[in-house]
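The values are calculated or read from the model by the stated rules, or taken from the named source; none is laboratory data. In this text the structure is predicted, and so the values were computed from the model without any measurement. Note: ideal-geometry Cβ built from the backbone for every residue, glycine included; neighbour counts use all protein chains shown.
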Amino acid sequence: MSRLVDHPIIEFRRGKEITFEFEGREISAFEGETIAAALHAEGIKFLRASPGRQRAQGFFCAIGKCSSCLMEVDGVPNVRTCITLVKDGMIVRRQKGKGEFGA
Amino acid sequence: MTEKASVVVIGGGIVGTAIAYYLTIKGQRDVVVLEKNYLSSGSTGRCAGGIRQQWSEPSNVRLAMRSVRHFESFKKELGADIEYVQGGYLLLAFDEEEETLFRNNVEMQKKEGLEVSILSVDEVKKRFPYIVVDDVKSASFCPTDGHANPHLANFAYARAAKKNGAWIYTHTRALGIDVENGQITGVETDRGYIKTGVVVNAAGGFSRQVGLLAGVDIPTESYRHQIMVTEPLEHILDPMIISFSRNFYMRQTVSGNIMMGQGDEDEKPSFNHDPSWRFLTQMSKKMPGLFPFLEKVRVLRHWAGLYNMSPDAQPIIDKAEDVSDYYCAVGFSGHGFMLAPAVGEGLADWIIDGSPKEVDLSNLGLDRFTGEVKREKNVV
Amino acid sequence: MHSPDLLVIGAGPAGLSAAVEAASAGLDTVVVDEGVTAGGQLVKQTHKFFGNEGFFASVRGFEIARSLLEELVDFENVEIFQESSVIGVYEDGIPVLHLPSDTTRLFRPKRVVVATGASEKFLQFENNDLPGVYGAGAVQTLMNQFGIMPGKNVLMIGSGNIGLIVSYQLVQAGVNVKAIVEIADRIGGYEVHADKVKRLGIPVLLKHTVTRALGVESVEGAEICEVDEKFSPIPSTARELVVDTVCIAVGLNPSVELIAQAGGQIRYVAELGGYVPVRDEDMRATAEGFFVAGDVSGIEEATTAMIEGRIAGLSVVRDLKGSTDENKVSRLKKELVGFRNGPISARVREGLQKLGFDVSSGESRTGNLNNPQKYRGKLRPIIECFEAIPCNPCETSCPTGAIVVGGNINDVPVIDYDKCNGCGICMTKCPGLAIFMLQELPDEDSALIGIPYEFIPLPSKGDQVHLLGRQGEMLAEGTVQRVFRSPHKTNSVYVKTPLELADKVRSIRPVLQEDNAFVCRCEELTVSDIEAAIDEGYTDFEELRRKLRISMGPCGGRTCRLNALRILSRKTGKSIEELSFGVLRPPSIPSTLGSIARQKGAEDD
Ligand SMILES: Cc1cc2nc3c(=O)[nH]c(=O)nc-3n(C[C@H](O)[C@H](O)[C@H](O)COP(=O)(O)OP(=O)(O)OC[C@H]3O[C@@H](n4cnc5c(N)ncnc54)[C@H](O)[C@@H]3O)c2cc1C
Ligand SMILES: Cc1cc2nc3c(=O)[nH]c(=O)nc-3n(C[C@H](O)[C@H](O)[C@H](O)COP(=O)(O)OP(=O)(O)OC[C@H]3O[C@@H](n4cnc5c(N)ncnc54)[C@H](O)[C@@H]3O)c2cc1C
Ligand code: SF4
Ligand code: SF4
């Protein structure tokens, strides 16, 4: 766990504790956190395998402006997990490739 | 910059560079292409890249079939991969009128030797399960239709022509065409003067203006057409899908982006290149109804280009009456990309040998608009 | 309020200040902002700010944001939308995406203030796309917004104010900062910020850079290297640090895409951070009805952002109501001038001058005393020795007596070009390597620059080299024209440069291959991919873009466009100013078709 409790200046007010699923694993998080932040708190930094060269990528800009953190969330690919908040019961998967839509 | 050339082509789009390419491989090497901006900056770089042979006018079918043969050998002939894919073109019919039109077209197209058929709703559903077929009546399908990357094709023609000796001048604008006693003597550009006896107008959206430089009146007008592209997805769509009554076309690029567009009847003639929110709104409301997976797909970019239109929506490929050796290949509306190879070949023959030889350009003359005009119906 | 008097895009200090002025004058005002809470960069800042007393100096960043917001919420004529991104500026309106509900809303405002701030620059090194390589902003978001430690051991790249402040914040959050590496030979940020981190025992490694991130699925280490005077890594000095995070803090680019889409002119002004909108003193951009304020108009400080925001707000009031508080406007303008007066703002002043502003400075520095137009075209030395130091080899080595330091050895040298014969001996003798040779070439648009060079291998005539500026910044690529070996090892290398770079090029570096150094994350393009395409002949940025699809991915070119332009500039020898920026097409944020279909709009009013 890498969540800060005491900080000399900031007081963190966290939301309700919830759980979601990542690659079959149950992960706890707080409401108000982004998916990428919640995963990061659990030490998970590898969020997608890049479509072209199959390289491990994680989030980079944290403001939804690059494409490094695209993941599959509840079946929808290409979700920017650095700006999408976690919800209770969400199913999150590491994205491989460009993203498939269950056509 | 060269001081003289046998032929000066005005316009560095797919049409101009294809003409230059065919001129050079047929032995005419001192050819100039003038492009006021960068290569593919005009309609070519903004188009959808669809390559379709299913037309309602036989001359268009023939020209497109000839082009497809060139696209099929493009890689071998020019040594460039232009992301050419023959995934077919699916034309959806939504009412009886369209069904009848497609049936008649298919009959005519088969006579021209095209491999094409009518698909029933069930067949459409089976082969393309991502389409909501509730309102679809039937479809027309040609498996050898397809699409390619227009930038890469445009660059490939330019490079090949250059390698064969042509001069490709980008960021160079044709400002004037000197004509003495009905004979062209040279072209004034913003970077110098080029003596020449032959000019080809391949100026796309600006064909009328470039006609007037030599005093040739070409009855074309330009209209904004918009197009959008989504984030890349894994491959789903083989064919390009199009509907005239629902007013859309759509395809998936080799990189995975879904590209789609529509026409807008309220559009007035203009050179406006700005995309509008109205277009994006109309497309977003319309497309997910037929293709539900699109609902959650993100739009990545959106832009506009010009359709250069003649009164019958068919190209004008001809030699001017009053100015000798002034050729034009313009008015391509929404299908100049796919016709460019055949047009380039035909026009090169015409310039060098005095006739377009095997390429039938007979119905595409400048003088055809005096009587009743017969419009191409298969356009978006 | 879909057709408000004013739409403010961005709720950082600039946007909030503009809104306060407009709202106090009674204008219907809408503020839209991408962030979860208003405040822009301020919300992530836990340190006390510097600047002007009247503008919250010594208050912590996030508290400034709070007070500005409190000022605004009292107004009934103001609406603020958070988590709302402007999709683009269209001829028929400005649509905004509300991310949580995946819906859009269309505005048709009478006036717009664009206060979109800036985005981070990206740096190319091997494996720079590995998870654990973060921008400084991302580290701040994790740490100061979510209270999550970005890692245990961090390597910070860059010692500008942001690198220094974030390092300090990391320590406050209990994270170990292994080192701060800085490629230049001095710290970029304010001394006080530097002293703060030094006091904490964080080493600031000057003349160092990161050459590689190590690891498979995430960062496990980083390789750093000393650089030589020409900023090239010295391979023998490479060493590995065990870190799990590499934080990049190498500067900001103004976020100009919206103002560009609106048709506003933009211009490259390196001193202001990159491409900036052209605007006047009232913050009016060249697109009808559009104003700009804050970092988007040039990277500066919160204080200047707030002043500019107020000026923009008051200008909108003048536009719509026919008059405004002109006293306040001129007072604010004076404060801006005063703020930018100091030596630290020298760069900003230079940048503003390029935009056509007459900016006065507190200090004036005498450059070459003797460099008149009359010697144009003559091969001659440029002496960049301004500090009074006890030194005179230039004087004593000159065979013609052209250089005079004079009786006091502490004086700066003065040269008489009439006496100089262009031999170049002084350049090879100067221990400070402060003398360069210059000759404008007859073709009118290039110049020959002589550079003292003390490294191996010595380049040869015809070699391609990077042309670097005084800060080691890449300016262009050029060819070596002449090389002279000198017995005392200070050799002379002459390179050809575009004329406008003649007073900038002061260093060279051999062209190196970088393989997995990513320029474009979306299309996975590396430095070598881009160089290869340029070598194939795609030297027009628009053609290059189409060939490689660079800046066509989901990021919309934010991370890659400028870097690609830099590579193009160094390969073609054209300055970035000369290259076309390309088109910035909407949408600025990828939006689902569904969100666009679910739309509230100006039509509903
Ligand atoms: C949205 C859209 C979708 C389309 N989809 C398809 C499709 O799927 N399939 C298809 O086949 N076609 C399609 N088209 C049509 C196709 O793009 C055009 O018909 C084709 O590109 C025309 O090529 P061109 O070379 O004649 O014109 P352009 O590509 O416009 O080239 C003309 C060039 O001339 C230059 N020029 C103009 N005046 C001067 C001057 N005075 N001096 C120098 N240079 C000058 C211009 O800068 C321009 O680059 C589409 C068009 C649009 C807008
Ligand atoms: C680490 C760090 C330390 C700093 N320390 C100091 C200091 O000590 N003193 C000082 O004076 N300054 C400091 N600054 C600088 C200061 O924070 C900035 O100069 C200032 O915040 C700029 O204000 P702004 O309003 O122009 O932009 P920003 O604060 O960047 O705000 C821009 C806002 O626009 C929003 N936005 C962007 N695009 C869109 C869109 N399309 N749609 C909707 N919203 C959008 C963004 O989400 C953001 O909220 C520091 C900066 C950093 C990064
Ligand atoms: S170049 Fe030669 S003549 Fe000129 S100042 Fe230097 S040493 Fe003297
Ligand atoms: S030798 Fe160099 S450092 Fe010394 S005074 Fe001359 S220019 Fe300055």
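Of all residues in region B:326-380 being in contact with a Lys or Arg (Cβ under 6 Å, 6 or more places away or on another chain) and not aliphatic (A, V, I, L, M), which is surrounded by the most Cβ atoms within 10 Å (Cβ to Cβ)? Result: B:Tyr327. One residue stands out among those in region A:52-103 that are of a type in the set (Phe, Trp, Tyr) and either more than 20 Å from B:Val299 (Cβ to Cβ) or facing chain C (nearest Cβ under 10 Å) (or both): the one that is surrounded by the most Cβ atoms within 10 Å (Cβ to Cβ), which is A:Phe59.
Within region C:65-97, the set of residues being touching a residue at least 40 places away in the same chain (Cβ under 8 Å), within 30 Å of B:His302 (Cα to Cα) and among the acidic types (Asp, Glu) comprises C:Glu79, C:Glu83. From the residues in region A:3-40 that are more than 11 Å from chain C (Cβ to nearest Cβ) and among the hydrophobic types (A, V, I, L, M, F, W, C), which one is surrounded by the fewest Cβ atoms within 10 Å (Cβ to Cβ)? This residue is A:Ile18.
Can C:Gly137 be described as outside any helix (DSSP H, G or I) and touching an Asp or Glu at 6+ places or on another chain (Cβ under 6 Å)?
On the way: outside any helix (DSSP H, G or I): no; touching an Asp or Glu at 6+ places or on another chain (Cβ under 6 Å): yes.
For C:Gly137, the condition - outside any helix (DSSP H, G or I) and touching an Asp or Glu at 6+ places or on another chain (Cβ under 6 Å) - is not met.
Tell me, please, whether a residue that is facing another protein chain (nearest Cβ under 9 Å) and in contact with a helix residue (DSSP H, G or I) (Cβ under 7 Å, 6 or more places away or on another chain) can be found in region C:572-590. Looking through region C:572-590, at least one residue is facing another protein chain (nearest Cβ under 9 Å) and in contact with a helix residue (DSSP H, G or I) (Cβ under 7 Å, 6 or more places away or on another chain).
So that you can scan it fast, the table gives a plain yes or no per residue for (1) crowded, with 21+ Cβ neighbours inside 10 Å; (2) away from ligand 2 (no atom under 16 Å from the Cβ); (3) at pLDDT 85 or above; (4) basic (Lys, Arg):
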| residue | (1), (2), (3), (4) |
| --- | --- |
| C:Gln439 | no, yes, yes, no |
| C:Ile449 | yes, yes, yes, no |
| C:Arg470 | no, yes, no, yes |
| C:Leu475 | yes, yes, no, no |
| C:His488 | no, yes, no, no |
| C:Val493 | yes, yes, yes, no |
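Within region C:139-149, the set of residues being crowded, with 24+ Cβ neighbours inside 10 Å and touching a residue at least 40 places away in the same chain (Cβ under 8 Å) comprises C:Val139, C:Gln140, C:Thr141, C:Asn144.
Can you tell me which residue within region C:415-449, out of those that are in a helix (DSSP H, G or I) and farther than 17 Å from C:Ile508 by Cα, is farthest from ligand 1 (Cβ to nearest atom)? It comes out as C:Lys429.
From B:Gly344, B:Gly354, which residue is modelled with pLDDT of 95 or more and away from ligand 2 (no atom under 16 Å from the Cβ)? Show your work before the answer.
Working: B:Gly354 fails: modelled with pLDDT of 95 or more.
Only one candidate passes the filter, namely B:Gly344.
Within region C:593-604, the presence of at least one residue that is in contact (Cβ under 8 Å) with a residue 60 or more places away in the chain, surrounded by fewer than 20 Cβ atoms within 10 Å (Cβ to Cβ), within 14 Å of chain B (Cβ to nearest Cβ) and among the basic types (Lys, Arg) is confirmed.
Here C:Ser360 meets the list (1) at pLDDT below 95; (2) under 21 Å from the mean Cα position of the chain (by Cα) almost entirely, failing just condition (2).
Taking region C:253-295 as the range and being near ligand 2 (Cβ under 10 Å from one of its atoms) and in contact with a helix residue (DSSP H, G or I) (Cβ under 7 Å, 6 or more places away or on another chain) as the test, the residues that pass are C:Pro254, C:Ser255, C:Val292, C:Ala293, C:Gly294, C:Asp295. Taken over region B:190-206, the residue count meeting the criterion of being under 26 Å from the mean Cα position of the chain (by Cα) and either more than 21 Å from B:Trp350 (Cα to Cα) or surrounded by fewer than 15 Cβ atoms within 10 Å (Cβ to Cβ) (or both) is 2.
Summed over region B:243-283, residues that are more than 9 Å from chain C (Cβ to nearest Cβ), farther than 22 Å from C:Arg546 by Cα and among the small types (Gly, Ala, Ser) total 4.
Can you pull out the residues in region B:147-186 that are more than 21 Å from the chain's Cα centre (by Cα), over 18 Å from B:Arg29 (Cβ atoms) and assigned to a strand (DSSP E or B)?
Of region B:147-186, the ones more than 21 Å from the chain's Cα centre (by Cα) are B:162-167, B:169, B:171-186.
Checking which are over 18 Å from B:Arg29 (Cβ atoms) leaves us with B:171-186.
Across region B:147-186, the qualifying residues are B:Ala174, B:Leu175, B:Gly176, B:Ile177, B:Asp178, B:Val179, B:Glu180, B:Gln183, B:Ile184, B:Thr185, B:Gly186.
Which condition from (1) in a loop (DSSP other than H, G, I, E, B); (2) within 14 Å of another protein chain (Cβ to nearest Cβ); (3) more than 30 Å from B:Gly176 (Cα to Cα) is the one that B:Trp303 breaks? Result: B:Trp303 passes all but (1).
Yes or no, residue by residue, for (1) closer than 30 Å to A:Asp6 by Cα; (2) in a strand (DSSP E or B); (3) modelled with pLDDT under 95:
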{"residue": "C:Glu71", "(1), (2), (3)": "no, no, yes"}
{"residue": "C:Glu79", "(1), (2), (3)": "no, yes, no"}
{"residue": "C:Ile94", "(1), (2), (3)": "no, yes, no"}
{"residue": "C:Arg105", "(1), (2), (3)": "no, yes, no"}
{"residue": "C:Pro109", "(1), (2), (3)": "no, no, no"}
{"residue": "C:Val112", "(1), (2), (3)": "no, yes, no"}
{"residue": "C:Leu123", "(1), (2), (3)": "no, no, yes"}
{"residue": "C:Asp129", "(1), (2), (3)": "no, no, yes"}
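Every residue in region C:140-160 that is in a helix (DSSP H, G or I) and facing chain A (nearest Cβ under 7 Å), please. So that I can check it myself, show each step before the final result.
We begin by selecting, within region C:140-160, every residue in a helix (DSSP H, G or I); these are C:140-145.
The answer is C:Thr141, C:Leu142, C:Asn144.
Taking each residue of region B:284-300 that is facing chain C (nearest Cβ under 7 Å) and looking for partners that are surrounded by fewer than 18 Cβ atoms within 10 Å (Cβ to Cβ) and not in a helix (DSSP H, G or I) with beta-carbon atoms closer than 6 Å, six or more apart or interchain, yields B:Lys296/A:Val76.
Consider B:Thr17 carefully, then state whether it is within 14 Å of another protein chain (Cβ to nearest Cβ) and in contact (Cβ under 8 Å) with a residue 12 or more places away in the chain. Yes: the conditions hold for B:Thr17. Pairing residues of region C:5-21 that are closer than 14 Å to C:Arg111 by Cα with residues that are at pLDDT below 95, at Cβ distances under 7 Å and at least 6 apart in sequence or on separate chains, gives C:Ala19/C:Leu72. Among the residues of region B:200-214, is any more than 12 Å from ligand 1 (Cβ to nearest atom), away from chain A (no Cβ under 14 Å), in contact with a helix residue (DSSP H, G or I) (Cβ under 9 Å, 6 or more places away or on another chain) and under 30 Å from B:Met283 (Cα atoms)? Scanning region B:200-214 turns up no residue that is more than 12 Å from ligand 1 (Cβ to nearest atom), away from chain A (no Cβ under 14 Å), in contact with a helix residue (DSSP H, G or I) (Cβ under 9 Å, 6 or more places away or on another chain) and under 30 Å from B:Met283 (Cα atoms).
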